[in-house]
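Everything on this sheet refers to the single structure shown next.
The values are calculated or read from the model by the stated rules, or taken from the named source; none is laboratory data. These numbers come from a predicted model, not from an experiment. So basically every Cβ, Gly included, is an ideal-geometry build from the backbone, and we count neighbours across all protein chains shown. Calculation scope for accessible area: heavy atoms of the full protein, side chains included, ligands and nucleic acids excluded. Shrake-Rupley method; radii C 1.70, N 1.55, O 1.52, S 1.80 Å.
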Amino acid sequence: MYDNNLSKKIATRSFIHRTDIITVYWQLQNAFTNIRSRIDAEFGQRKWENADPPAQYFSYCNDGNKVGRNDSRKQGAFYGLNKENFRRMKQIVKEEVEPYGFTEVVDISDSNILWTDFYNTKDGGYVGITMTLDKLYFGMLYSTDCRPVPKGLDPETSRVVPGDGPPSGTGSSTAPNASPSS
């Protein structure tokens, strides 16, 4: 999702003040769980495909001279709803990702695809949703952009372990599950 360089928007918040990678990871996991559940509840149970497995490690990145981590993940897709439903699904996605800073909505649809990105202009990253008009394929993904690693975690070995809760000292009460590797 790099059309017109839209995914390269620059975060306005300084690197060290951005929401850390583990917190944003769990915020987005929570948001997408809710999105899939709400779509299923409203439109009937979907056969969700193309969802990446939970993260174990985050990719290396740098923002100037600051070293951090980033994450990009497909969050599910399905066939079968008509294009008239895209507007409502877009509203559901917006309601779930907006509390985490993904507030700038950019529609880059064309004659072949419905496409909307939700950008976090303070911390960086985006959530993208698309629907092809020929096969009615709806898909979701995100990219966090480069984020700091929480204090006390080594950026070379930071690992997400679902079910363990946020690492102590991260200052995050919103990350339901994460811990450093042992």
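For the condition modelled with pLDDT under 95, hydroxyl-bearing (Ser, Thr, Tyr), over 19 Å from residue 131 (Cβ atoms) and open to solvent by 70 Å² or more (accessible area, probe 1.4 Å), what is the one hit in 12, 23?
Going through 12, 23 in turn, the sole match is 12.
Across the range 110-125, what is the number of residues that are surrounded by 14 or more Cβ atoms within 10 Å (Cβ to Cβ) and either without any contact (Cβ under 8 Å) to a residue 12 or more places away in the chain or under 24 Å from residue 42 (Cβ atoms) (or both)? Walk me through it before giving the result.
Here is the first cut: in the range 110-125, the residues surrounded by 14 or more Cβ atoms within 10 Å (Cβ to Cβ) are 113-125.
Checking the rest, the ones that are also either without any contact (Cβ under 8 Å) to a residue 12 or more places away in the chain or under 24 Å from residue 42 (Cβ atoms) (or both) come to 113-118.
Number of matching residues: 6.
Being in contact (Cβ under 8 Å) with a residue 60 or more places away in the chain and crowded, with 16+ Cβ neighbours inside 10 Å is true for just one of 70, 85. Which residue is that?
On inspection, the qualifying residue turns out to be 70.
Based on this model, can you work out whether residue 51 counts as without any contact (Cβ under 8 Å) to a residue 60 or more places away in the chain, open to solvent by less than 80 Å² (accessible area, probe 1.4 Å), in contact with a Gly (Cβ under 8 Å, 6 or more places away or on another chain) and of a type in the set (Gly, Ala, Ser)?
When the stated conditions are applied, residue 51 passes them.
For residue 111, all conditions in the list (1) over 27 Å from residue 17 (Cα atoms); (2) of a type outside the set (Asp, Glu); (3) modelled with pLDDT under 95; (4) touching a helix residue (DSSP H, G or I) at 6+ places or on another chain (Cβ under 9 Å) hold save one; what is the number of the exception?
(4)
For the range 93-137, give me every one of the strands (runs of 3 or more DSSP E) that falls completely inside it and has 3 or more residues that are over 18 Å from residue 74 (Cβ atoms).
Fully inside the range 93-137 and qualifying: 104-107.
Scan 42, 104, 96 and give me the residue that is exposed (fewer than 13 other Cβ atoms within 10 Å of the Cβ) and of a type in the set (D, E, K, R). Break it down into steps so the answer makes sense when it comes.
Numbers: 104 fails: exposed (fewer than 13 other Cβ atoms within 10 Å of the Cβ); 96 fails: exposed (fewer than 13 other Cβ atoms within 10 Å of the Cβ).
Answer to the check: 42.
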